Amino acid sequence: MNIWLIMIVGGLITFGMRFSLIYLFGKFQIPETIQRALHYVPPAVLSAIIFPELFHPNDTFDVSWTNTRLLAGLIAIAVAWFSKNTLLTIIVGMIVLLILNLI
Amino acid sequence: MSEARKYFWEGVRAELPLMVGGFPFGMIYGALALNAGLSNAAAQMMSSILFAGSAQFITAQLVQVAAPALVIILTIAVVNVRHMLYSASLAPYLKDLSLKWKVLLSYLLTDEAYAPSIIKYEKDGLQPYSHWFVFGAGLALWVDWQVSTAVGIFLAAYLTDNDILKIIPLDFALPLTFIAMVVPVLKNRAMIAAALSAGFMALLAINLPYQLGLIVAAFTGIIVGTLLEKKS
């Protein structure tokens with residue numbers, strides 16, 4: 001089947017999903033509980049992405065001292081917690097990972 | 001107008017680490033797509049027509065095994081369902097924008113554009129030119145994705161999956177940036193619980209197909225956070 005058709009249909013569906021609630025939000029009244037629940041989307045969704053990257057790199061669970069990404073990630077979390085500084089967190093995290101990988 | 005420009009470039013700057021983290025993925029996708037049998041044009045255009053990293057990866061793999069079109073399309077839909085969450089989450093802040101802005105920002109709404117944007121909104125609230133931040137972040141990522149795809153296609157013959165990443169783990173910038181963004185937001189028990197429950201559920205559900213684990217984990221976190229908020 002035509003790859004272009006697949007891409008276009010897939011693209012339209014994807015755009016539709018991205019557009020859906022943004023378009024609908026003004027048109028319908030959203031229940032208050034849902035509005036409050038929405039505030040938990042960022043921490044929930046980002047954690048859902050972060051945890052597998054740290055604990056499950058390269059498609060295998062690795063909760064050991066040899067998992068340098070996990071160690072660097074935990075240190076980055078600590079740096080972020082105490083400094084609340086985005087740039088510092090990223091720089092420290094990358095440097096720690098590079099150093100741990102070299103050891 | 002300079003206010004809009006200020007927000008725009010702020011969005012671009014916020015996106016920079018995610019662009020760094022995303023560049024290797026774009027390259028790998030480009031190489032993968034070519035190796036899966038897509039033409040240069042199809043591989044490149046998927047990055048603007050579909051413009052969704054994980055869906056593009058999976059599509060390339062499915063094309064390689066000659067999966068039926070319907071399967072590919074359904075897979076794209078399921079893998080991208082999390083974007084409805086991003087849409088719902090940003091919707092209150094984009095409510096009063098023109099249809100043109102809503103369409104534009106929706107088109108650019110990837111995970112990487114969503115994260116800094118929602119953090120900015122939750123931190124500073126809705127300001128008159130906030131949407132320019134979203135535009136800056138989204139457009140920056142879009143350009144980054146097109147360029148990295150092109151590089152990947154160009155270097156496809158020389159790239160095997162993990163060559164670059166073995167030397168410099170640039171892709172780690174992605175989860176790192178998400179960590180940097182989400183941790184400062186965890187200001188109370190409900191937020192922390194939402195993050196931890198979502199994270200651990202993501203690990204538990206990791207073997208679910210079509211990245212369903214992500215959506216299951218996200219909903220778990222949202223429900224836990226909302227329930228705990230009610231209690232306190």
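Rule-based calculations on the coordinates, nothing more; no lab input. This one's a predicted model, so the numbers in the text were calculated from it and none came from an experiment. Don't worry about glycine lacking a Cβ; one is built from the backbone with ideal geometry, like all the others, and counts go over all protein chains shown.
Largest first and to the nearest Å, give the Cα extent of chain A along each principal axis.
54, 45, 25
Relative to the longest principal axis of chain B, what angle (0 to 90°, nearest 10) does the C-alpha long axis of helix B:82-94 take?
Between helix and principal axis, roughly 40 degrees.
Which of B:Phe172, A:Phe25, B:Phe154 comes first, and how do the rest follow, when ranked by fewest Cβ neighbours within 10 Å?
On the way: B:Phe172 27, A:Phe25 20, B:Phe154 15.
Placing the least packed residue first, the sequence is B:Phe154, A:Phe25, B:Phe172.
Fewest Cβ neighbours within 10 Å first, please rank A:His39, A:His56 accordingly.
A:His56, A:His39
Evaluate the Debye formula for region B:1-57 with equal point scatterers sitting on the alpha carbons, no solvent, and hand back log10 of I(q)/I(0) at q = 0.13, 0.21, 0.31 Å⁻¹, in q order, two decimals.
Debye output, listed in q order: -0.45, -0.79, -1.17.
Any number yet on Rg/Rh for chain B, C-alpha, Kirkwood?
Reported Rg/Rh, Kirkwood definition of Rh: 0.98.
How much length would be gained if the chain were fully extended between B:Arg189 and B:Lys231, taking 0.36 nm per residue of separation minus their Cα-Cα distance, in nm to one decimal?
Length gained between B:Arg189 and B:Lys231: 14.1 nm.
Where nothing but the Cβ of Lys and Arg (+1) and of Asp and Glu (-1) is charged, how large is the charge dipole of chain B around its Cα centre, in debye to the nearest 20?
580
Once both axes come from the Cα atoms, what is the angle between helix B:189-204 and the longest principal axis of chain B, in degrees from 0 to 90, rounded to 10?
Relative to chain B, helix B:189-204 is tipped by roughly 20 degrees.
Have a look at region B:44-166 and give its Rg and Dmax from the Cα atoms, expressed in angstrom.
Taking only Cα atoms of region B:44-166, I get Rg and Dmax of 16.6, 49 Å.
For peptide A:77-85, compute the average count of partner chain beta-carbon atoms within 10 Å of each residue's beta-carbon.
For peptide A:77-85, the averaged partner shielding equals 4.
Are there trypsin sites (Lys or Arg not before Pro) in region B:131-232 that DSSP marks as loop and that have at most 16 other Cβ atoms within 10 Å, and which are they?
Taking region B:131-232 and a limit of 16 other Cβ atoms within 10 Å, the loop trypsin sites (Lys or Arg not before Pro) found are B:Lys187.
To the nearest 0.05, how large is the calculated FRET efficiency for B:Lys6 and B:Leu70 if R₀ is 41 Å and r is the Cβ-Cβ distance?
0.30
At 0.36 nm per residue, minus the direct Cα-Cα distance, what do B:Val143 and B:Lys95 gain on full extension? Give it in nm, one decimal, please.
Values: separation 48, 0.36 × 48 = 17.28 nm, distance 2.60 nm.
Value of the extension gain: 14.7 nm.
Number of Lys-Lys pairs in the protein assembly as shown under 24 Å by Cα, sequence gap 8 or more or different chains?
Lysine pairs satisfying the spacing and distance rule in the protein assembly as shown number 23.
If contacts are Cα pairs under 8 angstrom and at least 6 residues apart, what is the relative contact order of chain B in percent?
That works out to 33 percent.
Give me the angle, in degrees from 0 to 90, between the Cα long axis of helix B:69-79 and the longest principal axis of the Cα atoms of chain B, rounded to the nearest 10.
30
Cut-off is 10 Å between beta-carbons; in what order do B:Ile73, B:Ile118 appear when sorted fewest neighbours first?
With the fewest neighbours first, B:Ile73, B:Ile118 line up as B:Ile73, B:Ile118.
Take every residue in peptide A:90-98, count the Cβ atoms of other chains within 10 Å of its Cβ, and give the average of those counts. Numbers along the way, then the final one.
Working: counts 12, 3, 2, 7, 9, 0, 1, 5, 3.
For peptide A:90-98, the averaged partner shielding equals 5.
Let me have the 222 nm mean residue ellipticity of the protein assembly as shown computed from DSSP H runs of 4+ only, each contributing -39500 (n - 2.57), with the sum over all residues rounded to the nearest 500.
Dividing the helical sum by the residues of the protein assembly as shown leaves -25000 deg cm²/dmol.
Test of understanding: in a Gaussian network model of chain A with alpha carbons linked when under 10 Å, which of A:Phe55, A:Phe19, A:Phe82 would top the mean-square fluctuation ranking?
It is A:Phe19.
Would you kindly compute the Cα radius of gyration of the protein assembly as shown and its largest Cα-Cα separation (Dmax), both in Å?
Every Cα atom of the protein assembly as shown included, Rg and Dmax give 19.2, 58 Å.
Across peptide B:98-111, how many C-beta atoms of other chains are within 10 Å of each residue C-beta, on average?
Per residue, the average neighbour count from other chains is 3.
If I build a Gaussian network model for chain A, linking alpha-carbon pairs within less than 10 angstrom, which residue out of A:Arg18, A:Arg36, A:Arg69 has the largest mean-square fluctuation?
Result: A:Arg18 has the largest fluctuation of those listed.
Per residue, how big is the convex hull around the C-alpha atoms of region A:40-85? Give it to me in cubic angstrom, could you?
Output value, Cα hull per residue: 78 Å³.
Take each uninterrupted DSSP H stretch in chain A, measure its Cα extent along the helix axis, and return the ones at 30 Å or beyond whose mean Kyte-Doolittle hydropathy is at least -1.0.
TM-like helix candidates: A:3-24.
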